[in-house]
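Colleague: Take a look at this one; I'll ask things after.
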Amino acid sequence: MRQFTYISTAAALAESDIDAILESAQTRNPLNDITGFLLYNGRNFLQLIEGPRSALMTLMVRLAVDRRHSGIVRLEDHPITKRVCPEWTMHRIQLSESVDRRRDELDQALPPALDAVVRRTVLNFASLN
Ligand SMILES: Cc1cc2nc3c(=O)[nH]c(=O)nc-3n(C[C@H](O)[C@H](O)[C@H](O)COP(=O)(O)O)c2cc1C
């Protein structure tokens, strides 16, 4: 299994578009043995996906041509022996409006088993405005 984390720049999207992305991800991911979480700050996405390598690669190809975002940048990519979020078919972690509170709240909301390096990377995303 692998775990892959990326950021991307969102197109002009409404909240209903984010809901639609999540809904389809939550339907499709169990079929592909993929779990993970999604952050959206109004301009950027950060997504962590984990599962069989081939399933992740197939999803990455789809993501790369999805016009709802662009400029995918890989932050982390490594093999894992155990999922960090086995229960999350695709869970949106809501970011607090307050930048001051955002980092702490995100730290609480992230899966406890998340690797320290990945955690730091994800927390840095919360500091973006
Ligand atoms: C930010 C973002 C996150 C996405 N996450 C997933 C996901 O976790 N799983 C998934 O199947 N599709 C996800 N999608 C949708 C895929 O890009 C793609 O539209 C979907 O897999 C359907 O592919 P198809 O149109 O080739 O059938 C996401 C799209 C965006 C913009």
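The values are calculated or read from the model by the stated rules, or taken from the named source; none is laboratory data. As the structure is a prediction and not an experimental result, all values here were calculated from the model. Quick reminder, even Gly has a Cβ in these numbers, built from the backbone with ideal geometry, and neighbours come from all protein chains shown. Heavy atoms of the whole protein, side chains included, go into the accessibility calculation; ligands, DNA and RNA do not. Shrake-Rupley method; radii C 1.70, N 1.55, O 1.52, S 1.80 Å.
Colleague: List pairs: first residue in the stretch 78-92 and closer than 17 Å to TYR6 by Cβ, second residue among the basic types (Lys, Arg) and surrounded by fewer than 18 Cβ atoms within 10 Å (Cβ to Cβ) anywhere in the structure, Cβ distance under 6 angstrom, at least six positions apart or on different chains.
Modeller: Correct list of pairs: PRO79/ARG2.
Colleague: To continue, here is another question. Given the criteria open to solvent by 50 Å² or more (accessible area, probe 1.4 Å) and on the phi > 0 side of the Ramachandran plot, does GLY51 qualify?
Modeller: Judged against the criteria, GLY51 is not a match.
Colleague: Based on what the data block shows, is PHE45 open to solvent by less than 30 Å² (accessible area, probe 1.4 Å), within 16 Å of the ligand (Cβ to nearest atom), among the hydrophobic types (A, V, I, L, M, F, W, C) and in a strand (DSSP E or B)?
Modeller: On the way: open to solvent by less than 30 Å² (accessible area, probe 1.4 Å): yes; within 16 Å of the ligand (Cβ to nearest atom): yes; among the hydrophobic types (A, V, I, L, M, F, W, C): yes; in a strand (DSSP E or B): yes.
Considered against the rule, which asks whether it is open to solvent by less than 30 Å² (accessible area, probe 1.4 Å), within 16 Å of the ligand (Cβ to nearest atom), among the hydrophobic types (A, V, I, L, M, F, W, C) and in a strand (DSSP E or B), PHE45 comes out as yes.
Colleague: Residues in the stretch 48-70 that are part of a helix (DSSP H, G or I) and more than 8 Å from the ligand (Cβ to nearest atom): how many?
Modeller: Number of matching residues: 9.
Colleague: Any chance you could count how many residues in the stretch 17-33 are β-branched (Val, Ile, Thr) and within 6 Å of the ligand (Cβ to nearest atom)?
Modeller: The total comes to 1.
Colleague: Pull up the stretch 71-120, narrow it to residues that are in a helix (DSSP H, G or I) and over 16 Å from ASN41 (Cα atoms), then point me to the one that is most open to solvent (accessible area, probe 1.4 Å). It would help to see each step written out before you state the result.
Modeller: Taking the stretch 71-120 and keeping what is in a helix (DSSP H, G or I), we get 99-109, 116-120.
Narrowing further to those that are over 16 Å from ASN41 (Cα atoms): 108, 116-120.
Details: GLN108: 156, ALA116: 68, VAL117: 70, VAL118: 0, ARG119: 44, ARG120: 136 Å².
Of everything passing the filter in the stretch 71-120, GLN108 is most open to solvent (accessible area, probe 1.4 Å).
Colleague: While we're here: Name every residue in the stretch 15-42 that is part of a loop (DSSP other than H, G, I, E, B) and surrounded by fewer than 20 Cβ atoms within 10 Å (Cβ to Cβ), in order of residue number.
Modeller: ASP33, ASN41, GLY42
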